[in-house]
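In what follows, a single structure is set out as structure tokens and then discussed.
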Amino acid sequence: MSDVKPEIVLRHDAGGIATLTLNRPEARNALSLEMMTTLTAALEAVGGDPAVKVVVLAANGPAFCAGHDLKELQSDRSVEASERVFQTCAKLMMTITRLPKPVVARVHAMATAAGCQLVATCDLAIAADCARFATPGVNIGLFCSTPMVALTRAVGRKPAMEMLLTGLPIHADEAQRIGLINRVVTPGQLDIAVHELCETIASKSPYTLALGKEAFYRQAEMGLEEAYAYAAAVMVKNMQAKDAAEGVDAFINKRHPVWCGC
């Protein structure tokens, strides 16, 4: 019997798409400290890889992600240990948001608590119709306060509060209706749908994608007037890029653009 410990985050690259797969199926991909640290490092690696245009976040096993590792949380209930867990989680979520590449969640099954937070934090999400989503911390006396941050930025206040206060799971169709995910497909179509979406995004200028993603999240936290001023400055900066000149010229001359990423 092998003593080699399996990798808990797998990476596969193909055609400019990097797939990071949570690989702790026996624990329903619970976000232990090791899992969060490893995933953060993997995201930082793909973020700095010029060959990668889009990142897919997937998972192996019966669940997409069951949230935090409750056994780990219970084993050390000190303030210091709790701070370490939730600060590590915050760093992971901020890494996804600040990554200069779009991140697409491929959700094949249940995503609960911090797992639901992970889906809400990703830029886009496609789910199988059998997937379920929940923030059930209230059921065990531990309100999903950190998942709430991502959830309330992805869906409206009333749907978010219902999920947080009841802890009840919602179906994929409902998750799409409230804006938590983009699309629902059958399990057999999940890989096809994710690949088609990622291929479409990967065909765009990587410079423009990075600029646009950063601008999206920054303006969302601003007042209306400040957001317009900021967005106008971003447009001016974008207009000076070589990829913008190439893209406009390609459109005018009815040809495919050749991006330089600058």
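Would a scan of the range 39-48 turn up a residue that is over 24 Å from LEU124 (Cβ atoms), part of a loop (DSSP other than H, G, I, E, B) and out of contact with any Ser or Thr (no Cβ under 9 Å at 6 or more places or on another chain)? There is no residue in the range 39-48 that is over 24 Å from LEU124 (Cβ atoms), part of a loop (DSSP other than H, G, I, E, B) and out of contact with any Ser or Thr (no Cβ under 9 Å at 6 or more places or on another chain).
Let's see how each residue does on (1) closer than 28 Å to PRO169 by Cβ; (2) among the polar types (S, T, N, Q); (3) in contact with a Gly (Cβ under 7 Å, 6 or more places away or on another chain):
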residue: VAL9; (1), (2), (3): yes, no, no
residue: ARG24; (1), (2), (3): yes, no, no
residue: ALA27; (1), (2), (3): yes, no, no
residue: LEU31; (1), (2), (3): yes, no, yes
residue: LEU39; (1), (2), (3): yes, no, no
residue: ALA45; (1), (2), (3): no, no, no
residue: PHE64; (1), (2), (3): yes, no, yes
residue: SER75; (1), (2), (3): yes, yes, no
residue: GLU80; (1), (2), (3): no, no, no
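Listed by position, the strands (runs of 3 or more DSSP E) inside the range 99-198 whose residues that are touching a strand residue (DSSP E or B) at 6+ places or on another chain (Cβ under 6 Å) and within 15 Å of ALA59 (Cβ to Cβ) number at least 2 are 103-107, 110-112, 124-128, 132-134.
Tally the residues that are in a loop (DSSP other than H, G, I, E, B), surrounded by fewer than 20 Cβ atoms within 10 Å (Cβ to Cβ) and hydrophobic (A, V, I, L, M, F, W, C), restricting the search to the range 23-38. Going through the range 23-38 one residue at a time, the tally reaches 0. Within the set ALA175, ALA150, ALA154, the sole residue that is modelled with pLDDT of 95 or more, under 20 Å from ILE96 (Cβ atoms), small (Gly, Ala, Ser) and in contact with a Phe, Trp or Tyr (Cβ under 7 Å, 6 or more places away or on another chain) turns out to be ALA175.
Okay, residues lined up against (1) surrounded by 13 or more Cβ atoms within 10 Å (Cβ to Cβ); (2) assigned to a helix (DSSP H, G or I); (3) modelled with pLDDT of 95 or more; (4) in the same structural domain as ASN182 (by TED's automatic domain parsing):
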| site | (1), (2), (3), (4) |
| --- | --- |
| ALA58 | yes, no, yes, yes |
| LEU73 | yes, yes, no, yes |
| VAL85 | yes, yes, yes, yes |
| THR97 | yes, yes, yes, yes |
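When we screen ASN253, ASN238 for residues that are surrounded by 14 or more Cβ atoms within 10 Å (Cβ to Cβ) and not small (Gly, Ala, Ser), the only hit is ASN238. Regarding the range 219-232, can at least one residue be identified that is surrounded by 15 or more Cβ atoms within 10 Å (Cβ to Cβ) and either within 19 Å of the chain's Cα centre (by Cα) or within 30 Å of GLY61 (Cβ to Cβ) (or both)? Yes: the range 219-232 contains one or more residues that are surrounded by 15 or more Cβ atoms within 10 Å (Cβ to Cβ) and either within 19 Å of the chain's Cα centre (by Cα) or within 30 Å of GLY61 (Cβ to Cβ) (or both). Any residue that is in contact with an Asp or Glu (Cβ under 9 Å, 6 or more places away or on another chain), touching a residue at least 60 places away in the same chain (Cβ under 8 Å), under 28 Å from SER145 (Cβ atoms) and not acidic (Asp, Glu) - is there at least one of those in the range 195-209? Looking for residues that are in contact with an Asp or Glu (Cβ under 9 Å, 6 or more places away or on another chain), touching a residue at least 60 places away in the same chain (Cβ under 8 Å), under 28 Å from SER145 (Cβ atoms) and not acidic (Asp, Glu), one finds none in the range 195-209, hence no.
Close Cβ contacts (under 6 Å, 6 or more residues apart or on different chains) running from residues in the range 63-76 that are touching a residue at least 12 places away in the same chain (Cβ under 8 Å) to residues that are surrounded by fewer than 24 Cβ atoms within 10 Å (Cβ to Cβ) and in a strand (DSSP E or B) comprise ALA63/MET110. Against the conditions (1) in contact (Cβ under 8 Å) with a residue 12 or more places away in the chain; (2) among the aliphatic types (A, V, I, L, M); (3) in contact with a His (Cβ under 7 Å, 6 or more places away or on another chain), LEU168 satisfies every one except (3).
The values are calculated or read from the model by the stated rules, or taken from the named source; none is laboratory data. As the structure is a prediction and not an experimental result, all values here were calculated from the model. For neighbour counting, all protein chains shown are included, and Cβ atoms are generated from backbone atoms with ideal geometry for every residue, glycine included.
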